[in-house]
Structures are given as structure tokens and as C-alpha cells.
Amino acid sequence: MTIKVVDHKDFLVTINELLSDSHTVLDVGCGVGATLTEFCCPIKIGVDAHRPYLEHAQCGDEFIKLNYRAEDLSKLFLPNSLDSVTLIDVIEHFEKEVALEVLSQVEEIAAKKVIVFTPRGFFKQLDVDHYGLGGESFQRHRSGWDVEDFEKLGYNVVIFSKFHDKRNLAFVEVYGQYADPIDALIAWKDCRPLLV
């Protein structure tokens, strides 16, 4: 198990290092696709439950857009059908039990890796859609995640020290601009292709 602490804020560097051997990636909860378009994979699929996010996707021609719920991904994708699956600032929007079921599904879909980026611990976030696209109910944080949660599931973890701070509008709305920063985590699991 890998546990590492880093001080830099560029989590995309780490994600792209993890994706370097992947040709295809599925980004669950891609929103408007801002992060997904930065991934190094040649074939990118973004899935989101809130259709207006996909309709207003930034650089929308750079990835395939699917309007679908994360809870049912195993009905849409076959086991081992994509190299990697990412959940970037998504898992905390689910109740823990639902999130664990989503992780179980994407671990079957991914032939190589599952990568999760999330705040460390519970980061309170209100029902505010900063895109102004009516997705307020999707924005509330419903669970918090720490290193131990991912270790128990066989994930490696990198801690991004003091990642969320006054530069994050959602952080300022809840905690104020002078609050202590909150760490973030990247957790990843190397998947072995399932025999089907």
C-alpha cells in the first residue's frame, strides 16, 4: 500500500501519471468536463446524472457524453470494458453505502485502474450549483472519506496537504476565508481483469 503526502496543488499531474498506460477512461460525474478534458487518454467518456452539465460541457467535442446515473453503471458497461475509471470530486456526493456500491461497479468495469479524488474527511458543501445549471441537489456532500476508508478497500493513497482553502468558493461559503485548509486525497486501485 502506498501512502504519500504532497504539498503541491496540481492533482492533475498525479492523475495523468496514473493514467499514462490507459487508452480509454470513463469519468463518473464529469459535470461540464473541465477536468476530463485535461486527461491524457485519447478516448474519454464522461457520464453525469445531470443532463444540463453535459449540454453545457466545456470542449464538449473532446469526449463522449452520457447522461446516466453512477448507481447503475454496471448495466451500461461490461466488465473490463475500459482501461480506467475516474471519480473526481464525486464520491463525497453519495451516501457512504451507495458510494461503496458505485466503487464496486467501477472496479469491475476498469481493466487497469480506478482513481478517486475527494476531500479528506467530511467537507460540508451546500446545495449550490456554481454553474447555474439547476444541479443543486447533486452538489450536496453526503459522505466523508479518509485514508483508512480506501486502505480497507485495497487502494493506494496520496494526500494533498491543505488543498481546499480560500481559493475554493464552496470552501469559503461554508467555512469562511480564514478557516484552516482541508486536505484532499487521490486514491487508486490497480484492477486485474476479471475472467468473464
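Every read-out reported here was derived from the displayed coordinates using simple, explicitly stated rules and does not represent laboratory data. No experiment lies behind these values; they were computed from the predicted model shown. Ideal geometry is used to build each Cβ from the backbone, glycine not excepted, and the neighbour counts take in all protein chains shown.
Structural remarks
- Of all lysines in the structure, those lying under 22 Å Cα to Cα from K65, and not within fewer than 8 positions of it along the same chain, are K44, K75, K112, K113.
- Cross-link reach list, aspartates and glutamates versus K166, counting only Cα pairs under 12 Å and skipping chain neighbours closer than eight places: D180
- Label-zone membership for region 1-39, site L76, 7 angstrom Cα→C-beta point, backbone N under 17 Å: 24-37
- Over region 1-134 - Rg/Rh using Cα atoms and the Kirkwood inverse-distance radius: 0.94
- Taking Lys and Arg as +1 and Asp and Glu as -1, the other residues whose beta-carbon sits under 11 Å from that of V5 total +1.
- Cα gyration tensor shape for region 24-74, rounded if a/c is under 1.5, else prolate or oblate: oblate
- Positive-end extreme of charge dipole, the chain - chosen from T14, V147, L100 (charges on Cβ): T14
- Gained length - E148 relative to K4, 0.36 nm times residue gap less alpha-carbon distance: 50.5 nm
- Relative packing of 146-154, 14-22, which averages over residues the other C-beta atoms within 10 Å, highest first: 14-22, 146-154
- Projected-area average for region 109-196 over all orientations - Cα convex hull basis, square nanometres: 7.3 nm²
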